[in-house]
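**Q** Can you keep this structure in mind? I'll have questions shortly.
Bear in mind that the values in this text are calculations on the coordinates, not laboratory data. This structure is a prediction, so every number in the text was calculated from the model and none was measured. Cβ coordinates were reconstructed from backbone atoms using ideal geometry, including for glycine residues, and neighbour counts include every protein chain displayed.
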Amino acid sequence: MTDHRAQVEQLLADYRRSRDQLAEVQRQLASITASASSDDGLITAMVGARGVLTGLEIADEAYERYRPAELAAQIVKLTGTATVKAFTGAGEVLAPALPSGTDPQALLLGTADLGAAELAPEDVGDDDSFEDQNWLDDADWQRSR
């Protein structure tokens, strides 16, 4: 009977270690931030571990230097660059906690267990287009006039 008790105690100890490791990974992931700045330093985008924009700094001079569309394009570009940095950091945090051979980036993107065929975009045929669809019944339209 004591042999079973020792096995249960060992299993519980392993579970607690795994749970503590997972909690530490979660804390590290939550603290990940990344930023990217424009070459001229007038715009800086900051993101969290999932690539969500958490901060944006735009110097007053940026409004004089960039047209609105250019400023928007810079913000999108910098946010993307910062997101790549954040995902790289998150992958480094996750890698030691994952089973051997698991791609942390694929896991973060939600594609870890999908094959190439499942990741390919669906071919949208012309049948799904409602562009030229007439939603009015012509007979009803004539009677209502």
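**Q** In the set T44, T54, which member is touching a helix residue (DSSP H, G or I) at 6+ places or on another chain (Cβ under 8 Å) and free of Cβ contacts under 8 Å to residues at least 40 places away in the same chain?
**A** T44
**Q** Then there is this: Do you know which of the residues in the stretch 96-115 that are under 17 Å from the mean Cα position of the chain (by Cα) and aliphatic (A, V, I, L, M) is farthest from A36 (Cα to Cα)?
**A** Result: L114.
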